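Written below as structure tokens is the structure these notes are about.
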Amino acid sequence: MEISVQLFAILSIIYFVTAHFGLYKIFEKLGIEGWKALVPFYSTWIIIKKIDKSIWWFIFYYIPFVGFVVWMGIIVELMKMLGKFSLKEHFLAVVFAPIYLAKVGMDPNVKPIPFEEYKAYKKPKSREWVDAIAFAVVAASLIRMFYIEAFTIPTSSMEATLLRGDFLFVSKIAYGPRVPNTPISFPFAHHTMPGTSSMKSYLEWIKFPYHRLPGLGPVKRNDCVVFNFPEGDTLTLERQSEYPYKQMIRDAGMQILAQQYAGRQAEYEQLKKNKREYLKQVNRLGKQAVERQYHIIERPVDKKENYVKRCVGIAGDTLEIKDAVLYINHKPAYEAPTVQFIYVVETNGTPLNENMLIEKGLTAERIYQIGQNQYEVTLTAANAEKMRQMPTVKSVEKEIIPKGVIVNPFAIFPNTDEYGWTRDNFGPIVIPKKGMTMKLTNDNISIYKRVITHYEHNTLQIKDGKFIINGQPTSEYTFKMDYYWMMGDNRHHSQDSRYWGFVPEDHVVGKPIFIWFSYDSQLGKIRWDRIFSGVDNSHE
């Protein structure tokens, strides 16, 4: 059994025992035998009858998440029967139930009021509104923060596992809910106030360090995972997550540098051979240009954009991609049936019908004609085989970019041109694991620099080929967190770890569990077959 599961179980038992001890004593105060508070279902039925509520309360109590709201109502009614009517008392009873119920149950001065007085109590209208709004906000916020949250899939990076227009419920308890870094925030808003494009929905007066409550288990290889975009700490207000800030800088810097060396191609090529100096100038010029053109904003971890990808590599794994085939620890990795790539499809002259392919479920992406009778089509392996069987199709071949064929030298992680890696030929690379000690070299420092400095908050200097961390010369580094490698199932249409690197454990949000609604905007219809369907978290 996982340690986290054991801890979660222990805390649950403590919560259950303490709360039911309080209920035991409260039952006795209300003239009910205390042992009845300990009997599942029966205790709920007894107390609902005691507070004179309908059978619907009992039914709704056992509906997931709805039951949480009913439970709050039951606790409030119990407090009223004991003469406690203030908003403060009700808040304490709901939010700190185990402690407060035990306190009330043990307090000899707390006695039940006559039933007629309890039924006759009428809240002022203003209090009714305050109570209704407060409890709705508290209930929804607690559920959203610690249990489950709704997300929308806005892009095609996880097709065909998760489709654009899928609405998901994501479990926070799967890996353990995080304590918010920024606890003071507007309810139900992520990072921007509703109806605005730039107003922050949170205050940074109080900041909590990373801490995760016990969960049901660790992130496993091939889990679909929701996480905060690692490079989303700094971004431009105007474009936000549409265009990663660091890539904007690199693209702008390359363009400016090329313009500065116009007509001096030999000098430019010489500069590019000095890779570190070239990258340094690219970043300097690009940063100046982006900061002149855009407003730069920064966000804490829990307010970065939410992404969803598949975790293909966990802490400690060695990962490599060879000709679009993923290898983990030097063995071909499990590949979900829904993983898809771009294939070059050649026909006998008959044009491919995009709408027909989409309606038949062979692809959800647009198709592009790239030559005479040749098309780029995004397909799963199974659908590629179906395409090969079509009478008008001559060939179907996966589109692969070989190692060393570089279009943008800074697009692929670690965003230098030192390695010649591409989306289809990448690595090998070791994913950091908490407690793992890595020997630092000039060959790997580019890969782990952001982990050391940004995610784990150290200073790093490189002088005469030697490494200085927090002022101390060293040749190695011991990682403080686990890291993960995330990739989209739509491998050739996904901004993922191949482009920006590792996902730290403190960025992990939760695990998608099921799709509660799905709408196909291309065809303008509801995908009825996907509603209430599960999310593929297949494992080897």
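FYI, it's all coordinate maths here, none of it is from the lab. Predicted model, so just to flag it, every value in this text is computed and none were measured. Please note: Cβ atoms are built from the backbone with ideal geometry, for glycine as well, and neighbour counts cover all protein chains shown.
Things to note:
- Peptides 343-355, 78-90, 516-528 ranked from most to least packed, by the mean per-residue count of other Cβ atoms within 10 Å: 78-90, 343-355, 516-528.
- Restricting the chymotrypsin sites (Phe, Trp or Tyr not before Pro) of the range 178-266 to loop positions (DSSP other than H, G, I, E, B) with no more than 16 neighbouring Cβ atoms within 10 Å leaves Phe188, Trp205, Tyr210, Tyr261.
- Phi-derived couplings, Karplus 6.51 cos²θ - 1.76 cosθ + 1.60 at θ = phi - 60°, listed residue by residue for the range 113-123: 8, x, 4, 5, 5, 4, 6, 7, 5, 10, 6 Hz, with x used for Gly and Pro.
- Cα-based reach from Lys84 at 17 Å (exclusive), listing lysines while leaving out same-chain residues under 8 positions away: Lys25, Lys29, Lys50, Lys103, Lys111, Lys119, Lys122, Lys123
- Against the rule of thumb 2.2 N^0.38 Å, how large the Cα Rg of the chain comes out: 1.19
- ³J(HN,Hα) computed for each position of the range 466-483 - Karplus, 6.51 cos²θ - 1.76 cosθ + 1.60, integer Hz, glycine/proline x: 10, 9, 10, 10, 6, x, 10, x, 7, 10, 8, 9, 9, 6, 9, 9, 7, 10
- Radius, Kirkwood style, for the range 437-478 when every pair of distinct Cα atoms is counted (Å): 10.2
- The amide H of Lys394, built 1.01 Å from its N in the peptide plane, has Glu346, Thr347, Asn348 as neighbours under 5 Å, considering only residues 5 or more places off or on other chains.
- Distance between the C-alpha centres of the range 44-63 and the range 328-388: 54 Å, rounded to the whole angstrom.
- Pairwise centroid distance, computed over Cα atoms, of the range 398-448 with the range 251-313, Å: 17
- Close amide H partners of Val226, meaning residues 5 or more places away or on another chain with modelled amide H under 5 Å apart, are Val509, Gly510, Lys511.
- Using θ = phi - 60° in the Karplus curve 6.51 cos²θ - 1.76 cosθ + 1.60, the 3J(HN,Hα) couplings for the range 397-411 round to 10, 5, 7, 10, 9, x, 4, x, 8, 9, 8, 10, x, 10, 7 Hz; x is entered for Gly and Pro.
- With contributions of -39500 (n - 2.57) from each DSSP H run of at least four residues, the per-residue ellipticity at 222 nm computed over the chain stands at -9500 deg cm²/dmol.
- Kirkwood Rh in Å, taken over all unlike Cα pairs in the range 331-398: 12.2
- Working from the Cα coordinates of the range 238-324, the gyration tensor eigenvalues give, after taking √(5λ), semi-axes of 30, 22, 11 Å in decreasing order.
- With a cut-off of 14 Å between beta carbons, the residues surrounding Glu28 carry a summed charge of +3, where Lys and Arg count +1 and Asp and Glu -1.
- Candidate membrane-span-like segments in the chain, meaning DSSP H helices with Cα atoms spread over at least 15 Å of their own axis and a Kyte-Doolittle mean of 1.0 or above, are 3-29, 66-81, with no membrane implied.
- With all pairs of separate Cα atoms included, the range 3-122 yields a Kirkwood hydrodynamic radius of 14.9 Å.
- Taking amide H as placed 1.01 Å from N in the peptide plane, Ile148 has its amide H under 5 Å from the amide H of Lys172, each at least 5 places away in sequence or on another chain.
- Between the range 499-540 and the range 120-142, the alpha-carbon center distance in angstrom: 34
- Taking the Cα centre of the chain as origin and assigning +1 to Lys and Arg Cβ atoms and -1 to Asp and Glu Cβ atoms, the resulting dipole is close to 1240 debye.
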